[in-house]
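Colleague: After the structure tokens below, expect a handful of questions from me.
What follows is calculated from the coordinates using simple rules that are stated; it is not laboratory data. Note that this is a predicted model, so its numbers are computed, not measured. Note that we place each Cβ from the backbone using ideal geometry, even for glycine, and neighbour counts take in every protein chain shown.
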Amino acid sequence: MLKRATGVVRCYDGSKGYGYINTEDGTDVFVHYSAISDKNNPLLLEGEQVIFFLENSVRGPMAADVSRLN
């Protein structure tokens, strides 16, 4: 079962299409542009608050179905 989480975008490189989100409990979560639900604006800005599903992958925690809160 996927866990719903909130966090703040720590960094995001639009040219590479990925970045990292810091969750409220301090976990660093990988985010790929394909996980962003707003397909018209698949970029995240540093400091943006987001809500997402937390998945476990072979490489560690990964965000899915990412939406902006602000």
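Colleague: What percent antiparallel are the DSSP beta bridges of the chain, to the nearest 5?
Modeller: Percent antiparallel among DSSP bridges in the chain is about 90.
Colleague: At K39 and D25, where each label point lies 7 Å from the Cα along Cα→Cβ, what is the point-to-point distance in nanometres?
Modeller: 3.3 nm
Colleague: Return the sequence-ordered ³J(HN,Hα) values of the stretch 4-16 in whole Hz as given by the Karplus equation 6.51 cos²θ - 1.76 cosθ + 1.60 applied to θ = phi - 60°, using x for Gly and Pro.
Modeller: 7, 9, 10, x, 10, 5, 7, 7, 8, 9, x, 6, 9
Colleague: Using the Karplus equation 6.51 cos²θ - 1.76 cosθ + 1.60 (θ = phi - 60°), what ³J(HN,Hα) coupling, rounded to whole Hz, does each residue of the stretch 45-59 give in order, writing x for Gly and Pro?
Modeller: Ordered by residue, 3J(HN,Hα) equals 10, 4, x, 5, 8, 9, 10, 7, 8, 9, 10, 9, 10, 4, 8 Hz.
Colleague: Further question: Would you calculate the separation in nanometres between label points at L69 and E48, each defined as 7 Å from the Cα along the Cα-to-beta-carbon direction?
Modeller: Label-label distance for L69 and E48, simple model: 1.5 nm.
Colleague: Next question. Can you list residues from other chains, or at least 5 along the same chain, whose modelled amide H is less than 5 Å from the amide H of I36?
Modeller: Here V66 satisfy the definition.
Colleague: Here's a follow-up. Normalised by the residues of the chain, what does the relative contact order come to in percent, with Cα pairs under 8 Å and at least six apart?
Modeller: Relative contact order for the chain comes out at 34 percent.
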